[in-house]
Amino acid sequence: MARFEKHTWGGLALRGLIAIVFGILALARPGASALALVYLFGAYAVVDGIFALVASYHEKELGGQWWPMMLVGFVGIAVGVFTFLRPAVTAFGLVYYVAFWTMLTGILEIAAAVRLRKVIRGEWLLALGGILSIVVGILIATRPGAGMVTLVWTIGIYALVFGATLLGVAFRVRREEHHPRSVSPTPA
């Protein structure tokens, strides 16, 4: 299990830090143009997707269930690439893109937390981040007329909280490297 943790905690921490930086930038510049927000969102989605793919690759090497994180990665990259290819369409539909991506990420993060419950203590932080993602996605989808500034604030706050939960999980995984929990295998 220590090999899994050594490959994973740094990637989780980096994803958390990127989310926090994105959140701070979004909150610091809420009046920025819609196009700037579109490109910022696209960059964040691609970078987060790449890190999720790297995490899925490490999980696959170790024989674990890698597909949920790989799906998060592909969805993030696809949404990010589409954002750069069609920024005008993205600006119009950004509310729904963000809502869909956030809810899907939340579902897959909960799936990962369920899988990690026998590996680390504090897996509930990842589940909490997943639940938060789903709630924020629903709020964004049901209130599309709230305006771009409100969307920026919502995304910024979400990114800060989600990044903090990823950092929490990363440090729990890191701690398990030094103090592994003995878990008896459950029958299949």
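The values are calculated or read from the model by the stated rules, or taken from the named source; none is laboratory data. Since the model is a prediction, treat every value here as computed from it, not as a measurement. Neighbour counts run over all protein chains shown; Cβ positions are idealised from the backbone, glycine included.
Restricting to the range 60-75, and then to whatever is at pLDDT 85 or above and surrounded by 17 or more Cβ atoms within 10 Å (Cβ to Cβ), can you tell me which residue is nearest to residue 141 (Cα to Cα)? That would be 75.
Listed here are the residues, each with its yes/no results for (1) more than 23 Å from residue 138 (Cβ to Cβ); (2) in a helix (DSSP H, G or I); (3) touching a helix residue (DSSP H, G or I) at 6+ places or on another chain (Cβ under 9 Å); (4) at pLDDT below 80.
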residue	(1), (2), (3), (4)
13	yes, yes, yes, no
36	yes, yes, no, yes
42	no, yes, yes, no
55	yes, yes, yes, no
83	no, yes, yes, no
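Residue 78 fulfils the conditions (1) within 18 Å of residue 12 (Cβ to Cβ); (2) surrounded by fewer than 19 Cβ atoms within 10 Å (Cβ to Cβ) except for a single criterion, (1).
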